[in-house]
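The values are calculated or read from the model by the stated rules, or taken from the named source; none is laboratory data. Worth saying up front: this structure is predicted, and the values here are computed from it rather than measured. Cβ placement follows ideal geometry from the backbone for every residue including glycine, while neighbour counts extend to all protein chains displayed.
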Amino acid sequence: MQGSLRALSRLNTMLCRLSLWAAGLGLVAMTVIVFAQVWWRYVLNDSLLWVEPVAILLMSWFIFLGSAVGVRESFHMGFEILLYVLPDRAGTVLKALSDLSVLLFSLGMVVYGRQLMARTWDSSLPVVRLPGGFTYMPLFVGGVLMSLFMLEHLLNRLSGRRAVDRPDAEDVLMSEA
């Protein structure tokens, strides 16, 4: 079990880094093409028709990839005040329930994201001429990544490993400043 857990952790670390880089590149690309649209419209008095749908697709990708990274690194929002007043055992159970609920939600993203992709694949995005399913692909991929990351969290909790409880996002940001 420990070997499988380490393999999953290595895979998730690689996927997390790739997701973070892809999200960052998507944000930069969206910024560049929106700036290009402003330039074309106000300086050249012309318009790039493909900018809006491409910018929306890029935004969907970096939002869902970034959300998955936030889940992996435990940077998502949470209310932990109750954990400070409860015994450690109750806190562990509550954290496991929280992880399980996020896992179920992310599995819902996978199932319904796949259904939406399949139902819209035969349609076409007008200007960019991509299958309509591309619109929902970030939902599906983000759900898969979140599911993998939460599965790792749950397995770590069940095996008694403490590596799941990463430092608070504010602590990380303040230590880098």
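Observations, loosely collected:
- When V54, V38, V69 are checked against the criterion of being assigned to a helix (DSSP H, G or I), touching a Cys at 6+ places or on another chain (Cβ under 7 Å) and at pLDDT below 95, a single residue qualifies: V69.
- Selected residue (only one of F75, F62 is of a type outside the set (K, R), on the phi < 0 side of the Ramachandran plot and either over 13 Å from the mean Cα position of the chain (by Cα) or part of a helix (DSSP H, G or I) (or both)): F62
- Of all residues making up the stretch 80-109, the number that are loosely packed, with under 12 Cβ neighbours inside 10 Å and among the polar types (S, T, N, Q): 1
- Taking the criterion of being acidic (D, E) and closer than 10 Å to M30 by Cα, the only residue of the stretch 40-58 that qualifies is E52.
- For the stretch 80-96, the condition of being modelled with pLDDT under 90, closer than 14 Å to F149 by Cα and either within 22 Å of the chain's Cα centre (by Cα) or hydroxyl-bearing (S, T, Y) (or both) holds for at least one residue.
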